[in-house]
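Right, one structure below, let's go through it.
Read-outs: derived from the displayed coordinates by stated rules, not from any lab. It should be emphasised that the depicted structure is a prediction, and the values quoted were computed from it without experimental measurement. We place every Cβ from the backbone using ideal geometry, glycine too, and count neighbours over all the protein chains shown.
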Amino acid sequence: MKAARYHGPRSITIENLPEPICNDGEVLVAMRACGICGTDVKTYVRGHPLIPPGSVLGHEVAGVVVESRRPDFATGDRVVAAPYAPCLSCEACRQGHYSLCEDLFESSMDPGGFAEMVRIPRRIADQALFKLPDNLDFMTASLTEPLACCIHGLEALDLRAGQSLLIMGDGPMGLLQAVLGKALGASPVILSGITPHRLGFARKVADVVIDVSTQNLVDELKLHTPYGPEKIIVSVGNADVVQEALELVAKGGAVNIFAGMPKDAMLTLPVNRIHYDEIRILGTFGFGPQHFRQALDVLAQNDNVLKDMFTHTTSLDSIEDALQASSRYEGIKGVVLV
Ligand SMILES: [Zn+2]
Ligand SMILES: [Zn+2]
C-alpha cells in the first residue's frame, strides 16, 4: 500500500509499505480522509520530540472498514477512529483524566493516517472507533479529533448557555470553538484574530469578530461584554495573549490555556485579581473517548457550515505541497483524500 513516510524536517517520501495485519479485536480501515493538523505541519517543518523519523503522520482519520476481527464492526462500515485511547488502569485514568493517561500513546493506529490503510488496535477500537451518521461525509468526519479537543477545552471552562465566550485565535481550532460555542448556547460568542480569510469564516459562525490588527480589542469587547467575557479560551500559542486574557476576563470568569505554549514561556500573574475576582486559570490537552463521541454528534448537526473550513484538498502524492501551504497559513484547513 501507498504511504507518506516522514524522514525528518522537510522530508517526506511516498513509499510502498506492507499492508498492516489485522489481529484479533482489531479493525483494518481503508483511508478516505485525513485532516492536516497543526501537529503534522510543525513536525514536517521542524521535527517533533515524540515522532521519530520513519513514522507516517496524520491522525484525523476517517475511512471504511475492509477487515474486522471483532463483532461490533463489519466490512463496509464507514468509521472515524481516534489516534489514541486511555489504558483505563493508570492513576490518571482512575481519576478520569483520560488525556493524561501515562500510557496514552502506547497503543496507536498503524502506521498513521497518511496511508491507504490503517490498523486500529484493540484499545482504540474498544473505546474510540465509531460508525459515521449517514449524512456525514468522510472529509467533514475527519474533524472529529480536533473538535473533540475543543469539546474537552470548553467543558473544562464549564461554559454554560447564556455565558459570553471569547476565543483568542483564528486558526482551525479557534474556528471550531466558535461553532461549538454557538452549539452550546454561549452568547455572545466573540472571536479575535488577525488573518483576513480566517476571520471571514469566523463571521459566518461567531456573533462578534474582532480583527486585532485594525481594531482595539479592549474597546470592542466593552461594546459587547461590559463586564468582560465570562469564559476565555486562548487558541494561539503565545503567552502574551494569555497575559492579556487574564486582564480581560470577567469577575468569576475562567481562562483556558488551550494552545500549546513555548516550553520556557512564563506569565506574570495578577494574584490580587485572581483572589478578589475569583478568576480560574486552567489548561486542557487532547481529549477523552467521551469527547470524541460527542464531537461526532456536534459534527452531524453542523456539517453544512463546517464543510466550508476545508479550503484545500490534496492526494497522498502531493502531501508535501499541502503541508507547505499550511505552514504558510494559506487557507483554513487542508485534508488528504485517499
Ligand atoms: Zn489533530
Ligand atoms: Zn491510563
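Beyond 30 Å, how much of the Cα-Cα pair distribution for the chain remains, as a whole percent? Display every interim value, and only then the final one.
Details: 20075 of 56953 pairs.
Of all Cα-Cα pairs in the chain, 35 percent lie more than 30 Å apart.
For region 120-210, divide the Cα radius of gyration by the Kirkwood radius and give the resulting Rg/Rh value with two decimals. Don't skip to the answer; put the middle values down first.
Working: Rg = 14.8 Å, Rh = 14.2 Å.
Reported Rg/Rh, Kirkwood definition of Rh: 1.04.
At a 10 Å Cβ-Cβ cut-off, how would you order 152, 197, fewest neighbours first?
On the way: 152 24, 197 13.
So the ranking, lowest neighbour count to highest, is 197, 152.
Taking a 28 Å limit on the Cα-Cα distance, which of the listed pairs 263/307; 131/307; 131/231 fall beyond it?
Details: 263/307 34 Å; 131/307 19 Å; 131/231 33 Å.
Long pairs (Cα-Cα over 28 Å): 263/307; 131/231.
Please report, in Å, the Rg and the Dmax of region 150-283, where both are computed over Cα atoms only.
Answer for region 150-283, Rg first and Dmax second: 13.4, 40 Å.
Give, as ranges by residue number, the residues of region 38-64 whose backbone N falls under 12 Å from the point 7 Å along Cα→Cβ of residue 10.
Counting backbone N atoms under 12 Å from the label point, the list is 45-47.
Calculate the length of the line joining the C-alpha centroid of region 96-140 to that of region 190-207, in whole Å.
The distance from the Cα centre of region 96-140 to that of region 190-207 comes to 30 Å.
Considering only C-alpha atoms, what is the centroid distance from region 305-338 to region 265-294, in Å?
Taking the Cα centre of region 265-294 as reference, the centre of region 305-338 is 31 Å away.
Would you work out which of 322, 258, 45 lies farthest towards the positive end of the dipole of the chain? Charges go on Cβ: Lys and Arg +1, Asp and Glu -1.
Of the candidates, 258 comes out farthest on the positive side.
As a test of the formula, what do you get for the chain when each DSSP H run with n ≥ 4 contributes -39,500 (n - 2.57) and the sum is divided by the residue count, at 222 nm and rounded to the nearest 500 deg cm²/dmol? It would help to have the intermediate numbers written out before the result.
Values: 12 runs with 111 residues, N = 338.
Only helices count here, giving -9500 deg cm²/dmol.
Take region 231-338, drop everything but the C-alpha atoms, weight them equally and run the Debye formula without solvent; then report log10 I(q)/I(0) at 0.11, 0.12 Å⁻¹ to two decimals.
Values returned for q = 0.11, 0.12 Å⁻¹ are -0.56, -0.65.
Nothing charged except the Cβ atoms of Lys and Arg (+1) and of Asp and Glu (-1): what's the magnitude of the dipole of region 150-283 about its Cα centre? Round to the nearest 20 debye. Don't jump to the answer; show the numbers that get you there.
Numbers: 11 positive and 14 negative charges, 62 e Å.
Charge dipole, region 150-283, about its Cα centre: 300 debye, nearest 20.
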